[in-house]
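The values are calculated or read from the model by the stated rules, or taken from the named source; none is laboratory data. Given the structure is predicted, the values throughout are model-derived calculations rather than measurements. All Cβ positions, glycine included, derive from the backbone under ideal geometry; neighbour counts span all protein chains shown.
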Amino acid sequence: MLNNNEFLSQKELDKLLKNTKSSEEENLDQILDIMGEIANITMGSGTTTLSTLLRRKIEIEYPETSIVKFKNIKTNFKGEHVVATVEYKKGLYGMNTLVLPANLTNIIANLMLGKDPYETMEEIDEISLSAVAEAMNQMMGTAATALSDFLKTTIEISPPKTELLDFSDPNVEFPPIETDKEAYVISIKYKVKISGIAETVFWQFIPLKFANTIKMRMEEIYGISKVDKKKMPEKKESVINTNYFNDEKGKATSVIKEGTVKVRPVEFGEFEKKEQPLPEGVDFSKLELLMDVPLEIKVELGSVRMTLREILDLHEGSLIQLNKLAGEPLDIYANDRLIARGEVVVIDENFGIRVTEIVSLRERIKTLK
């Protein structure tokens, strides 16, 4: 028979039950910890790219993670926000969304367009939204590269779909990153400081199923089920290495590849290894005399024909639409002669061109005549 003093009080029972977590709760805690650490690594790389793009130092604090039902996300916001949705198409499969408040959107758009960052926009027009979309594209591209490196796998993502949503409108729907409205979503809040301008926040929402997939992948690679910073890779700056291709539906898709950019000398094909007849009358011995002649190399991003009136109407912040499509190869000229095509890469803080196609040998020989 037990004495009264051997029984636990209700307060002690409540405390004991409160400290007893189910396996599901423990798994959720682990996912939140892991996603917080991964978000710190990937978005840290992303904001480094954004800093370069905006030419302002951007600092980001360690993110805050929580969980919310998909149906309740939009109830936490009021007014207009820019929402960027990214779809993962290879290596990982799923979607996540960034939500930017009006003040952060205003700053990014102004800096991208060469305006005063303190200037307040009456409304976000199409040009400003396009500028923010490009910033999100660059930032998420680098973040995906960092995640690719972290999970040791090649990851393909689609260019972010950026749109302006007014959450005060009851008819507005949050992007369909989940099909089940009762499903849980990881909410990641970032506090960001833009040097000399403002301190603000933005959010990232990742479906719990998608986050759990990342957790399982991390367990396979690192053999840990919770954050162990001794085994976690160190946060490092990534190199933008994004290629675009058209999928079966003709939609532009970016491919985030592992590793950093490796630069090596261009290897030109030998004349003897020809695949098609060359023009007659070409004396290759004379070509040897030209090998040390310096040539001016130009890369054409695109061109456009404008009237004099349109040129005189240009001002700071004006956008000029070129005849090149996003992701289309750039033309490389030697002394105004087309010799190759390539794509833009970033090496440290400099732009570079990776040669993806050499103009046929027959065409190059023709330009020498």
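Tabulated data
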{"read-out": "Near pairs, Cβ below 6 angstrom, 6+ apart or cross-chain, from region 85-110 (assigned by TED's automatic domain parsing to the domain that holds residue 216 and within 18 Å of residue 194 (Cα to Cα)) to any residue that is part of a strand (DSSP E or B) and polar (S, T, N, Q)", "value": "98/204; 103/200; 104/200"}
{"read-out": "Cross-chain or 6+ apart pairs with Cβ under 9 Å, region 24-53 first and farther than 21 Å from residue 192 by Cβ, then of a type in the set (Asp, Glu) and surrounded by fewer than 18 Cβ atoms within 10 Å (Cβ to Cβ)", "value": "none"}
{"read-out": "Selected residue (only one of 135, 102, 144 is modelled with pLDDT of 85 or more, farther than 27 Å from residue 184 by Cβ and buried (at least 18 other Cβ atoms within 10 Å of the Cβ))", "value": "135"}
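So that you can scan it fast, the table gives a plain yes or no per residue for (1) surrounded by 12 or more Cβ atoms within 10 Å (Cβ to Cβ); (2) closer than 30 Å to residue 129 by Cα; (3) at pLDDT below 80; (4) within 35 Å of the chain's Cα centre (by Cα):
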residue	(1), (2), (3), (4)
262	no, no, yes, yes
274	yes, no, yes, no
277	no, no, yes, no
281	no, no, yes, no
294	no, no, no, no
315	no, yes, no, yes
342	yes, yes, no, yes
